[in-house]
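Student: This is the structure I have questions about; it appears just below.
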Amino acid sequence: EQADGQYFQAEPLTDETGARGGVAFGYEGSPSWLLVTVDPRHRDAVTRAELVTRKGRTIPLRSLELDPQGSWGGAMPVGLYRVASIRLLGERPGEILQASFPQGVRESD
């Protein structure tokens, strides 16, 4: 309420084998934002990130840069209710951590 928010969600970041690699936190508000924390064994591989919307659109998160403790946060260009997943990507194919955001929020307009 204090931050003009409507919804908060935390989901595990998992690698291609299903192993946990961190946590993604999403907040629906004004603005909507995202915070990720990445486990030490995956931090060096993460070089970029993208959101995937429920309609299949891919939106690069150009500002992503993990701090030394493996976290990053910032405002999202779309509301959390539009986000199906976040992907943290590496340089090589298959280097990916992904968190899915089940449809828990409904667009109000």
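The values are calculated or read from the model by the stated rules, or taken from the named source; none is laboratory data. Since this is a predicted model, take the numbers as computed values, not measurements. For neighbour counting, all protein chains shown are included, and Cβ atoms are generated from backbone atoms with ideal geometry for every residue, glycine included. The protein model used for the area step is the full one, side chains on, heavy atoms only, and it has no ligands, DNA or RNA in it. Shrake-Rupley method; radii C 1.70, N 1.55, O 1.52, S 1.80 Å.
Student: Looking for something assigned to a strand (DSSP E or B), closer than 15 Å to residue 9 by Cβ and acidic (Asp, Glu) - is there at least one such residue anywhere in the stretch 19-41?
Tutor: Within the stretch 19-41 (the criterion being assigned to a strand (DSSP E or B), closer than 15 Å to residue 9 by Cβ and acidic (Asp, Glu)), the answer is yes, since at least one residue qualifies.
Student: Name the single residue that is least open to solvent (accessible area, probe 1.4 Å) among those in the stretch 8-43 being in contact with a Gly (Cβ under 7 Å, 6 or more places away or on another chain), under 15 Å from residue 82 (Cα atoms) and hydroxyl-bearing (Ser, Thr, Tyr).
Tutor: 32
Student: Cβ-Cβ under 8 Å, sequence separation 6+ or interchain: first residue in the stretch 63-76 and over 13 Å from residue 33 (Cα atoms), partner part of a loop (DSSP other than H, G, I, E, B) and open to solvent by 30 Å² or more (accessible area, probe 1.4 Å). Which pairs?
Tutor: Hits for this filter: 70/39.
Student: Residues being in a strand (DSSP E or B), open to solvent by 40 Å² or more (accessible area, probe 1.4 Å) and of a type in the set (D, E, K, R): count how many of those fall in the stretch 44-93.
Tutor: So the answer is 2.
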